[in-house]
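Notes follow once the structure below has been shown.
The values are calculated or read from the model by the stated rules, or taken from the named source; none is laboratory data. Please read these numbers as outputs of a predicted model, since none were measured by experiment. Cβ placement follows ideal geometry from the backbone for every residue including glycine, while neighbour counts extend to all protein chains displayed. For accessibility, only protein heavy atoms count, side chains too; no ligands or nucleic acids. Shrake-Rupley method; radii C 1.70, N 1.55, O 1.52, S 1.80 Å.
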Amino acid sequence: MELSKIFENNEKWIQSKTQGDPNYFENLAKGQKPDVLYIGCSDSRVTAEDLMGMQPGELFVHRNVANVVNAIDLNAQSVINYAVKYLEVNHVVVCGHYSCGGVKAAMEAKDLGILNPWLRNIRDVYRAHKDELNAISDEQKRYDRLVELNVKEQAINVVKMAAVQRAIRKRGMQIHGWVFDISSGKLIDLKIDFKKVLEDIMEIYRLED
Ligand SMILES: [Zn+2]
């Protein structure tokens with residue numbers, strides 16, 4: 001791939017944006033007020049804004065291998081805190097995807113070096129749902145289900161944060177768990193009842209009265 005192509009593409013993109021609105025970038029530079037925080041996988045096929053038809057300024061994004069939300073990952077914690085506390089997003093989306101290499105790797109007995117502690121977050125999800133997952137004999141279906149359960153558990157990890165609990169209580173911010181199906185292009189809402197999840201885990205994870 002010729003990288004010069006990227007700069008040519010950029011010029012075309014600027015033209016397309018300013019065609020109907022000459023002040024497009026001037027206005028964009030004034031600031032951001034995105035309504036949605038999107039936490040997804042780094043996979044090159046899962047293009048956050050593109051697949052949702054979102055424009056610059058509409059989506060605050062955090063992506064890492066297998067859309068993991070870990071309590072001691074300063075990066076994810078900073079992004080979520082900033083989005084929830086200062087940008088005051090109304091929706092936090094954790095979006096996984098089928099055919100996720102990170103999730104697949106966590107199902108295999110393989111030493112992946114520095115990726116081991118990262119993928120262990122997903123092995124922990126497997127352990128928490130071992131009975132359900134082991135009951136699925138079709139390996140592909142078990143893999144797909146782990147992708148979904150990983151979304152749910154990472155979204156629960158979002159709910160464990162103080163700023164998130166406050167935003168849910170004070171201004172009705174919502175959490176969502178979605179999966180992107182690469183083979184069809186479809187975005188699927190797992191329809192996880194986070195109100196119920198919140199009630200179930202608050203006994204342990206509530207951080208303020
Ligand atoms: Zn992935």
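Please give the charge dipole size of the stretch 54-209, origin at the Cα centre, charges +1 on K and R Cβ atoms and -1 on D and E Cβ atoms. Round to the nearest 20 debye.
220
In the chain, which longest range has no GluC sites (Glu not before Pro) that are both DSSP loop (not H, G, I, E or B) and surrounded by at most 15 other Cβ atoms within 10 Å?
Between the exposed loop sites, the longest stretch runs 109-207.
Okay, which of the stretch 107-139 sit inside 20 Å, backbone N to the point 7 Å along the Cα-Cβ direction of Leu190?
Counting only backbone N, you get 107-108, 118-139.
Give the distance, in whole Å, between the Cα centre of the stretch 140-188 and the Cα centre of the stretch 20-35.
Between the Cα centres of the stretch 140-188 and the stretch 20-35 lies a distance of 29 Å.
Compute the helix-to-body angle for 4-19: its Cα long axis versus the longest principal axis of the chain, expressed 0 to 90° and rounded to tens.
In the chain, helix 4-19 runs at an angle near 70 degrees to the longest axis.
Quick check on the chain: helices-only [θ] at 222 nm, where DSSP H runs of length 4 and up contribute -39,500 (n - 2.57) each and the sum goes over total residues. Nearest 500, please.
On the way: 10 runs with 101 residues, N = 209.
So the helix-based figure for the chain works out to -14000 deg cm²/dmol.
Using alpha-carbon pairs under 8 Å, 6+ residues apart, how would you state the relative contact order of the chain in percent?
It comes to 20 percent, rounded to a whole number.
Among Ala109, Val61, Tyr86, whose Cα lies farthest out toward the positive end of the dipole of the stretch 49-140, if unit charges sit on the beta carbon of Lys, Arg (+1) and Asp, Glu (-1)?
Going by the charge dipole, the pick is Ala109.
Of all accessible surface on the chain at a 1.4 Å probe, what whole percent is carbon and sulfur?
Here it works out to 52 percent.
Under the definition of Cα pairs under 8 Å and six or more residues apart, what whole-number percent is the relative contact order of the stretch 61-147?
Result for the stretch 61-147 is 29 percent.
So with the 1.4 Å probe, I'd like the accessible area per residue for the chain, rounded to whole Å².
Dividing the accessible area of the chain by its residue count gives 59 Å².
Give me the distance in nm between label points sitting 7 Å out from Cα along the Cα-to-Cβ direction at Glu58 and Gln174, one decimal.
1.6
Compare Asp181, Asp21 by solvent-accessible area with a 1.4 Å probe and give them largest first, with all protein chains kept in place. Show your work: numbers first, answer last.
Values: Asp181 30, Asp21 55 Å².
Sorted descending by solvent-accessible area, the residues read Asp21, Asp181.
How would the chain be classified by its alpha-carbon gyration tensor: rounded, prolate or oblate, with rounded meaning a/c under 1.5 and the a/b versus b/c comparison settling the rest? Can you show the working numbers first?
Working: a/c = 2.09, a/b = 1.30, b/c = 1.60.
The shape class here is oblate.
What is the helix-to-structure angle for 194-205, meaning the angle in degrees between its Cα long axis and the longest Cα principal axis of the chain, kept from 0 to 90 and rounded to the nearest 10?
60
Does the stretch 1-92 come out rounded, prolate or oblate, given a ≥ b ≥ c as the square roots of the eigenvalues of its C-alpha gyration tensor, rounded meaning a/c under 1.5 and, failing that, prolate meaning a/b above b/c?
oblate
Share of antiparallel DSSP beta bridges in the stretch 64-209, in percent to the nearest 5?
The answer is about 35 percent antiparallel.
Put +1 on the Cβ of each Lys and Arg and -1 on the Cβ of each Asp and Glu in the stretch 69-209; which of Trp118, Gln165, Ser184 then has its Cα farthest toward the positive end of the dipole?
Highest projection toward the positive end goes to Gln165.
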